[in-house]
Amino acid sequence: MKRLVGTLCGIISAALFGLGGILAQPLLSEQVLTPQQIVLLRLLIGGAMLLLYRNLFFKQARKSTKKIWTHWRILTRIMIYGIAGLCTAQIAFFSAINYSNAAVATVFQSTSPFILLVFTALKAKRLPSLLAGMSLISALMGIWLIVESGFKTGLIKPEAIIFGLIAAIGVILYTKLPVPLLNQIAAVDILGWALVIGGVIALIHTPLPNLVRFSKRSF
């Protein structure tokens with residue numbers, strides 16, 4: 001049952017992340033917000049809401065918070081998670097949308113399992129299985145066709161590829177970094193503080209968004 005719930009949460013979260021990219025595209029194309037402004041709003045508001053919810057309805061959340069800020073190893077990993085796994089990955093993803101579109105950015109970001117497969121094979125010093133290898137080749141061929149046609153039509157810029165691959169690496173970090181902490185701290189607390197830390201980093205050298213510029217057309 002626990003595995004089923006986890007699988008469903010993974011599917012829903014991936015779908016919502018893709019939907020976020022689609023909704024962000026008009027904001028970026030109309031220059032209502034920059035990628036950095038979108039990320040700082042997402043991270044700060046999301047993190048604040050999670051932490052507020054935890055501290056209002058769960059007494060043990062205060063113990064988790066105290067543990068996070070008194071154990072430097074835990075705090076360091078959460079900070080790395082928030083900066084590399086959340087802030088950097090999301091800025092790269094929305095930058096890829098800014099230079100292409102949501103569909104292209106999502107395709108490049110979805111290459112993360114194949115990048116992880118290559119790294120794992122190199123680390124183990126052995127070739128991946130036949131099925132995994134065929135999947136990798138098929139994915140690379142599909143990406144090549146998308147990139148080639150995108151260059152011809154002018155819909156894809158080199159910056160979109162670079163940011164898309166950075167976002168893919170960010171997804172790997174997003175998945176791997178919090179794993180050692182899950183046995184020590186509640187997942188909601190890890191994510192909440194990582195979101196806030198990532199949002200604060202996104203705020204550096206980024207002007208606050210002018211919410212007055214939002215219009216019905218922007219949505």
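Side notes on the structure shown:
- Neighbours by Cβ (under 9 Å, 6+ apart or cross-chain): first from the stretch 93-104, over 17 Å from V39 (Cβ atoms) and open to solvent by 30 Å² or more (accessible area, probe 1.4 Å); second outside any helix (DSSP H, G or I) and at pLDDT below 90: N101/L155; N101/I156
- Any chance T175 is open to solvent by 50 Å² or more (accessible area, probe 1.4 Å), of a type in the set (S, T, N, Q) and under 16 Å from the mean Cα position of the chain (by Cα): yes
- Selection status of G150, of a type outside the set (F, W, Y) and either over 26 Å from G82 (Cβ atoms) or at pLDDT below 75 (or both): yes
- Taking first residues from the stretch 159-185 that are of a type in the set (F, W, Y) and partners that are open to solvent by 30 Å² or more (accessible area, probe 1.4 Å), the Cβ contacts under 9 Å between residues at least 6 apart in sequence or on separate chains come to F163/I91; F163/N98; F163/Y99.
- Positions within the stretch 7-56 being of a type in the set (A, V, I, L, M) and outside any helix (DSSP H, G or I), in sequence order: V32, L33
- Looking across the stretch 202-219, just one residue is open to solvent by less than 60 Å² (accessible area, probe 1.4 Å) and modelled with pLDDT of 85 or more, and that is A202.
- Yes/no for L136 being assigned to a helix (DSSP H, G or I) and open to solvent by 40 Å² or more (accessible area, probe 1.4 Å): no
- Within the stretch 94-116, the set of residues being part of a helix (DSSP H, G or I) and under 20 Å from P178 (Cα atoms) comprises Q109, S112, P113, I115, L116.
- Only residues that are modelled with pLDDT of 80 or more, open to solvent by less than 90 Å² (accessible area, probe 1.4 Å) and of a type outside the set (D, E, K, R) were counted in the stretch 46-58, giving 5.
The values are calculated or read from the model by the stated rules, or taken from the named source; none is laboratory data. All values reported here derive from a predicted model rather than from experimental measurement. Because the Cβ atoms are built from the backbone with ideal geometry, glycine has one as well, and the counts that use them run over all protein chains shown. Please note that ligands, DNA and RNA were not included when accessible areas were found on the heavy atoms of the full protein model with its side chains. Shrake-Rupley method; radii C 1.70, N 1.55, O 1.52, S 1.80 Å.
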